[in-house]
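Enquirer: This is the structure, below, for whatever I ask next.
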């Protein structure tokens, strides 16, 4: 590790923290329907959308109505995207002449983008037409992110209201999230990406002459616009197969900084917006402090593990001075690869600028464990906020047990019903991840997709279902996942990780919204202090460790210990 590396990491995180307050304040106003800096331009468009859709934004929904609207909208999005992929060969803007996407891959991809996972069992430039990329995948990048923001708003209202039977209007929340947050930021970031060298064209390819004088055909397309919403919406699906390691997606250090900043900006700002909307900004900062603690420590562990190098490679004569550079771009080095890996897995963003499967055992463990912790660090756009709230509810419940007092969070008493909903949500992730991993390692045709035997092979399968169940979308590498088994089961894991989690969370929100908000008393456990940050951090770690440590011990931990002993598999 070097001072220069830590300065680069610190610079990015400081820029993100500087954006939290202005962006969070704007989001709190805009998502509440209050007048904001974009209102003169976008209010007429917003009203026009309501008229066209027959939406009355003042007509609110209970948690069941809100959940039903959300499910119906996303089911429609899945059907439309599946149809686009299946009939791709007959649709316009297909300069490559691609045919239909196979049924199991189309199912996997449609589920992936609707659930904000963006797991890709295909190479974008060799499989998807420009129409599929723009009208299918990019549109869902907006809508899946907006769905997450809408659900986070509904859960926020459970704490900002007293004795309420409703959680807001899903359709109004969805429209405002797209119009006032995702679309304006995407335009700005896309223009910045174009200025930095990302292609934005409807051409299918360009011919280039190599240094040896040969001709090479390079795939291009409208990459900058998809890259912008992919990062801002924590989607992660790349236009090109190797994602942000591709020079057309991430050409230089400045684009790399912008990628990381864009990934973190909205999710971090939503934590601040939550504090503003519930009338306790210190609560938002307490969540932000928890997230930053995990990100800094996780980045440090990855950076240290990769800088320490691989003694097996050193033994065969490779210079250990630069540590383990396998699977990393020399344009970015270990420091920015470590930060990118921690951020993209702390978020539900599957974008990568290095190959996680080429990390050391410990370096690869941290990204996997970050996803398994529940994607709350800071998690996906919207989903990270309501996931953090679930852990906060668990934390105050534990605190209440310690002092023999009914737990409270932001003036709402947390009782048996809310705890049942919270635990049901928390248990969805290990069910999807460990359940499908256990079955897959027992099936010969599933194991046949593994690229490396031994503990690394287990990590390949475990990471795939971790990424799918956590709606992350990044890949460990090495696993040939484009098979009917993996396309189908990974798709089911994505659905469980998104909607199996959301339904009990909305039910919990509905129960809390109906309760009277009470003022804090002398016996109330404060949830905006360093003590609470420590308790919340411990709860997140304990839950993740209890659920996933045995599986991690058989995979990346064994692999790292074997590497230190000079053993290979």
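All of the numbers you see were taken from the coordinates with simple rules; none came from a lab. Quantities reported herein were computed from a predicted structural model and do not represent experimental measurements. Ideal geometry is used to build each Cβ from the backbone, glycine not excepted, and the neighbour counts take in all protein chains shown.
Enquirer: Suppose each label sits 7 Å from its Cα in the direction of the beta carbon; what would the residue 126-residue 87 distance come out to in nanometres?
Expert: Going by the 7 Å Cα→Cβ label model, 2.8 nm.
Enquirer: Highest mean first, what order results for 487-493, 241-247 on Cβ atoms within 10 Å?
Expert: Values: 487-493: 22.9, 241-247: 20.9.
Ranked from most to least packed, the peptides come out as 487-493, 241-247.
Enquirer: In 10 Å bins starting at zero, report the fraction of Cα pairs in region 100-253 per bin as a rounded %.
Expert: Taking every Cα pair in region 100-253, the percentages come to 11, 35, 30, 16, 7, 2, 1, 0.
Enquirer: Can you tell me the order of 94-105, 25-36 when each peptide is scored by its average per-residue count of other Cβ atoms within 10 angstrom, highest first?
Expert: Most protected by this proxy first, the peptides run 25-36, 94-105.
Enquirer: Using the eigenvalues of the Cα gyration tensor, what equivalent ellipsoid semi-axes result for region 269-332 when each is taken as the square root of five times the eigenvalue, whole Å, largest first?
Expert: Working: eigenvalues 344, 23, 7 Å².
They are 41, 11, 6 Å, listed from largest to smallest.
Enquirer: Taking Cα centroids, how far is region 93-155 from region 542-569 in Å?
Expert: 33 Å
Enquirer: Let me ask something else about it. Could you tell me the center-to-center distance, by alpha carbons, between region 163-208 and region 441-455 in angstrom?
Expert: What the calculation gives is 39 Å, centre to centre.
Enquirer: Let me know the volume per residue of the alpha-carbon convex hull for region 179-325, in Å³.
Expert: It comes to 152 Å³ per residue, whole-number rounded.
Enquirer: So if I restrict to the alpha-carbon atoms in the chain, what is the Rg, and what is Dmax, the biggest pairwise distance, in Å?
Expert: In Å, with Rg to one decimal and Dmax whole: 22.9, 78.
Enquirer: Using alpha-carbon positions, what is the distance between the centroids of region 317-383 and region 477-498, in Å?
Expert: 21 Å
Enquirer: Mind grabbing the base-10 log of I(q)/I(0) for region 283-564 at q = 0.08, 0.09 Å⁻¹? Debye formula, identical points on the C-alpha positions, no solvent, two decimal places.
Expert: Log10 I(q)/I(0), no solvent term: -0.36, -0.45.
Enquirer: If you don't mind, another one. Kindly rank 313-320, 158-165, 463-470, 356-363 from highest to lowest mean number of other beta carbons found within 10 Å of each residue.
Expert: Values: 313-320: 11.5, 158-165: 18.0, 463-470: 30.0, 356-363: 23.4.
Going by the mean number of other Cβ atoms within 10 Å, highest first, we get 463-470, 356-363, 158-165, 313-320.
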